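These notes concern the structure reproduced below.
The values are calculated or read from the model by the stated rules, or taken from the named source; none is laboratory data. Small disclaimer: the values here were computed from a predicted structure and weren't measured. Cβ coordinates were reconstructed from backbone atoms using ideal geometry, including for glycine residues, and neighbour counts include every protein chain displayed. Only protein heavy atoms, including side chains, enter the accessible area calculation; ligands, DNA and RNA are left aside. Shrake-Rupley method; radii C 1.70, N 1.55, O 1.52, S 1.80 Å.
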Amino acid sequence: DGGRLKQFIQLRQRGQELQASGVARAQRIRGEIQALTSSIQNEIRSAFEAWQDLAESAAELERNAIPGVQENENLARRSYEEGEMNLPDLLLVRRQAAELRRAFLDRLQDAALAAIEVQVRSGALK
């Protein structure tokens, strides 16, 4: 019967259209997933590199600057006590030491926040 054949052909064509549409949609979704995955990986990598830089900066201050701060303050205090240094100079040394300690603590805080950012971006911390 011609009508049934025509219906069958129309249904088959419709099925092929739906299949083609579904394949195209799946490919588009795969592309979006790949783009998002790549973007997330780049964000994680950038956050990790920022953390590494900050942690290294803090470690460098701890190795090269912080050990001498207390010794420098002690020498300045002794010089002041022995009359070899005036009070404004002693206060300047102490201020510089405090600023250096503050810079070190700021780097530690920045590194800790960057580590949290890495964990958040990687999904380890929600």
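Remark: spin-label model distance Thr37-Glu82 equals 6.9 nm, labels positioned 7 Å along the Cα→Cβ axis. In terms of accessible area, using a 1.4 Å probe and ignoring ligands and nucleic acids, Phe48, Phe8, Phe104 rank largest first as Phe8, Phe48, Phe104.
Stretching the chain fully between Ser46 and Gln119 yields a gain of 25.0 nm (0.36 nm per residue, less the alpha carbon separation). Heavy-atom surface analysis with a 1.4 Å probe gives the chain a carbon and sulfur content of 52 percent of its accessible area.
Label sites at Leu91 and Ile9, each approximated as a point 7 angstrom past Cα along Cα to Cβ, lie 10.1 nm apart.
Rolling a 1.4 Å probe over the protein heavy atoms gives the chain an accessible area of 79 Å² per residue. The alpha carbon centroids of segment 91-112 and segment 48-81 are separated by 8 Å. Amide H to amide H, with H built 1.01 Å from N, Met85 comes under 5 Å of Tyr80, counting only residues 5 or more places away or on other chains.
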